[in-house]
Amino acid sequence: MDLKWEEVHMQLFGIRTKLIEPGEDLVSVILDAVRRQRLTIEDGDVLIIASKAVSVAQGRIMRLSSMKPSEKAKKLAEKYNMEPSYVEVVLQEAQKVYGGVTKAILTLKNNVLTPNAGADYKNAPKGCVVLWPKNPHDVAEDIRREILKRTGKRLGVLIVDSRVTPLRMGTTGVAIGIAGLEPVRDCRGVRDLYGNPVLITRHALADDLASAAHLVMGEVDERVPAVLARDAPMNLSEGVDPDRVVISAEECLFMSLIEF
């Protein structure tokens, strides 16, 4: 059943956990924190998890001293004032590299435009970077199924990271792993306030919710790697195609200028 937008009163509950270690059962860590905070998981909730928490649990931590920079990495590092071994990680993780500015390279990773292919010094052990999770959509689905198994509750799951927006200062959220919910609302053909048909608009629901959770999670040492969203204005659905959030380069306003 479609939600009535005038009835939406969404709540966000930050889930504070202990420091997550490589190899830990992330679902257990989150559910333990939920119980400690005297929260409950209800049918229809959406669990939003920071990608870094997933990556650390997967052991996706790269020690920079183990990297041997290529000539390309050395040239890019000199151009953008970056550590060559770090740039080598970026090159190995990226689908494509487009250019950059001081301390950041614009890349394509998992069909998302993101700085440095998601490899991040922040909240990583000294001398290391944390990479994006492997197979984030599959991980989101595994988490959704495991929580259903342990709690009997049906919910959606998002794995989220931060990103930058052209000509806007600072970071917002982006959903890089999606399970159990419809991530996009197609508004084309719907009438606006004045009866005009909407022509091209599609509402990125998963990314909007990722940004709302990003506000609660913070960007530094908050130790809130998960957020529970209740009464979010979106429909839960199993078997959703998470690639619905991807638009082709030919249709993308920004990529059409970069690639064509």
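The values are calculated or read from the model by the stated rules, or taken from the named source; none is laboratory data. In this text, all values refer to a predicted model and were calculated from it rather than measured experimentally. Cβ: placed from backbone, ideal geometry, glycine included. Neighbour counts: every protein chain shown.
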Q) Residues in the range 147-175 that are touching a strand residue (DSSP E or B) at 6+ places or on another chain (Cβ under 9 Å), among the hydrophobic types (A, V, I, L, M, F, W, C) and under 24 Å from ASP231 (Cβ atoms): how many? A) 8
Q | Subset of the range 221-250 [at pLDDT below 90 and either farther than 25 Å from ALA179 by Cβ or of a type in the set (A, V, I, L, M) (or both)] | A | ASP221, VAL240, ALA249, GLU250
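Per-residue answers, yes or no, for (1) more than 13 Å from the chain's Cα centre (by Cα); (2) outside any helix (DSSP H, G or I); (3) of a type outside the set (A, V, I, L, M, F, W, C):
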position: GLY195; (1), (2), (3): yes, yes, yes
position: LEU199; (1), (2), (3): yes, yes, no
position: LEU209; (1), (2), (3): no, no, no
position: ALA212; (1), (2), (3): no, no, no
position: VAL216; (1), (2), (3): yes, no, no
position: VAL220; (1), (2), (3): yes, yes, no
position: VAL227; (1), (2), (3): no, yes, no
position: GLY239; (1), (2), (3): yes, yes, yes
Q.
What's the total number of residues in the range 86-122 that are surrounded by 17 or more Cβ atoms within 10 Å (Cβ to Cβ) and in contact (Cβ under 8 Å) with a residue 40 or more places away in the chain?
A. 10
Q: Filter the range 176-194 down to residues that are over 14 Å from ALA204 (Cβ atoms) and in contact (Cβ under 8 Å) with a residue 40 or more places away in the chain and give me whichever is surrounded by the fewest Cβ atoms within 10 Å (Cβ to Cβ).
A: GLY180
(Q) Among the numbered criteria (1) part of a strand (DSSP E or B); (2) in contact with a strand residue (DSSP E or B) (Cβ under 6 Å, 6 or more places away or on another chain); (3) not hydrophobic (A, V, I, L, M, F, W, C), which one does ARG144 miss? (A) (1)
Q: Pick out the one residue from MET234, MET255 that is in contact (Cβ under 8 Å) with a residue 24 or more places away in the chain, farther than 19 Å from ASP161 by Cα and touching a Ser or Thr at 6+ places or on another chain (Cβ under 9 Å).
A: MET255
Q | Criterion: in contact with a His (Cβ under 7 Å, 6 or more places away or on another chain) and either assigned to a strand (DSSP E or B) or among the polar types (S, T, N, Q) (or both) - qualifying residue of VAL174, VAL160 | A | VAL160
Q) Out of the range 147-156, which residues are part of a helix (DSSP H, G or I) and without any contact (Cβ under 8 Å) to a residue 12 or more places away in the chain? A) LEU148, LYS149
(Q) I'm trying to understand the selection: among the residues of the range 46-78, which are charged (D, E, K, R) and within 19 Å of ALA179 (Cα to Cα)? (A) LYS52
Q. Which numbered condition trips up GLY173, out of (1) of a type in the set (Gly, Ala, Ser); (2) surrounded by fewer than 18 Cβ atoms within 10 Å (Cβ to Cβ); (3) within 30 Å of ALA33 (Cα to Cα); (4) modelled with pLDDT of 90 or more?
A. (2)
Q: Give me the pairs, please: first residue somewhere in the range 55-75 and touching a residue at least 24 places away in the same chain (Cβ under 8 Å), second residue anywhere and in a helix (DSSP H, G or I), beta-carbon distance under 7 Å, and either six or more positions apart or on two chains.
A: ALA57/LEU26; MET62/VAL89; LEU64/SER85; LEU64/TYR86
